[in-house]
1. Name the residues in segment 88-109 that are of a type in the set (Val, Ile, Thr), open to solvent by less than 40 Å² (accessible area, probe 1.4 Å) and either in contact with a Ser or Thr (Cβ under 9 Å, 6 or more places away or on another chain) or over 20 Å from LEU35 (Cα atoms) (or both), would you?
2. Please determine whether any residue of segment 101-114 is modelled with pLDDT of 90 or more, among the hydroxyl-bearing types (Ser, Thr, Tyr) and under 22 Å from THR203 (Cα atoms).
3. Specify the residue that is modelled with the lowest pLDDT; the eligible residues are those in segment 51-75 that are small (Gly, Ala, Ser) and within 17 Å of GLU14 (Cβ to Cβ).
4. For segment 195-207: of the residues being out of contact with any helix residue (DSSP H, G or I) (no Cβ under 8 Å at 6 or more places or on another chain) and open to solvent by less than 90 Å² (accessible area, probe 1.4 Å), which is farthest from THR113 (Cα to Cα)?
5. Quick check on my filter: what residues within segment 19-43 are crowded, with 16+ Cβ neighbours inside 10 Å and not hydrophobic (A, V, I, L, M, F, W, C)?
6. What strands (runs of 3 or more DSSP E) lie completely within segment 127-228 and have 1 or more residues being more than 30 Å from PRO100 (Cβ to Cβ)?
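The values are calculated or read from the model by the stated rules, or taken from the named source; none is laboratory data. Please read these numbers as outputs of a predicted model, since none were measured by experiment. Reconstructed Cβ throughout: ideal geometry from the backbone, glycine too, with neighbour counts over all protein chains shown. What goes into the accessible areas is simple: the full protein's heavy atoms, side chains included, and nothing from ligands, DNA or RNA. Shrake-Rupley method; radii C 1.70, N 1.55, O 1.52, S 1.80 Å.
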Amino acid sequence: MGLPKIDLPIFELELPSNGKKVKYRQYTVKEEKILLVAQEADDRLQELLATKQIVNNCLVDATVSEISMFDLEYLLLALRSKSVDNVAKIQIIDEDTQEPVNLELDLTEVEVTRNEAHTNKVQINEDYTLFLRYPTIDEFIRIAETDENDPLVSYLIMVSCLDKVASEDEVHEFKNYTTKEVDDFMESVTTQVVEGIRQFFETMPKIRQVKTYKNKNGDLRTFVIEGQRSFFI
């Protein structure tokens with residue numbers, strides 16, 4: 001007789017970007033090992049690859065490539081809360097005293113911060129509007145695999161998040177066109193359009209938590225942690 005199969009509870013989470021509900025399970029020792037290896041490596045690319053593998057393993061009815069990066073970060077914290085504990089104990093170095101400070105972060109208090117000026121639409125002219133999609137973890141992996149000093153990095157990420165261009169009469173989805181055709185399109189737009197695309201990235205929602213503490217001198221200080229780093233502390 002074989003060993004019993006352990007059934008894990010299934011949880012449901014509403015994604016901040018679109019309200020879509022996804023189901024997931026706790027991560028197990030298998031995923032814990034992946035996490036520990038990435039933590040010890042202390043390498044951005046390894047953390048991203050581990051994140052993708054862990055979330056893909058734990059999602060029940062979706063895949064990680066369908067989820068925006070800030071939705072994924074939100075899901076990661078829910079995973080950590082259900083699988084380990086909602087309280088993360090960390091140690092930081094105070095910038096003024098250079099002394100270690102012990103903090104506790106309640107991951108259930110993490111918020112999605114939104115910029116009122118944020119929009120995924122960029123007006124090209126009177127007829128056409130450009131629509132953008134949020135980057136997924138695949139785009140961030142591509143960044144980590146590329147030389148950060150390469151001037152093409154920003155352009156490649158920008159192009160990868162082009163969704164469609166539409167008028168009242170027609171819709172063109174970028175996924176249906178070749179790289180050459182997309183490059184030709186981008187070369188034809190104005191600098192104002194490019195600035196609108198940059199604004200989209202700069203104002204995207206973020207996962208953020210602010211923790212206030214007193215340092216050794218009794219001064220009130222603020223520690224801010226954002227995004228995926230919350231999962232690897």
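1. ILE92, THR97, VAL101
2. no
3. Here the answer is ALA62.
4. GLU195
5. Going residue by residue through segment 19-43, those that are crowded, with 16+ Cβ neighbours inside 10 Å are 22, 24-27, 31, 34-35, 38.
Those that are crowded, with 16+ Cβ neighbours inside 10 Å and not hydrophobic (A, V, I, L, M, F, W, C): TYR24, ARG25, GLN26, TYR27, GLU31.
6. Numbers: elements: 129-132, 162-166, 171-173, 206-214, 220-226.
Ranges flagged: 129-132, 162-166, 171-173.
Residue-by-condition table, conditions (1) exposed (fewer than 13 other Cβ atoms within 10 Å of the Cβ); (2) without any contact (Cβ under 8 Å) to a residue 24 or more places away in the chain:
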| position | (1), (2) |
| --- | --- |
| LEU13 | no, no |
| GLN53 | no, yes |
| ASN56 | no, yes |
| ASP61 | yes, no |
| LYS82 | no, no |
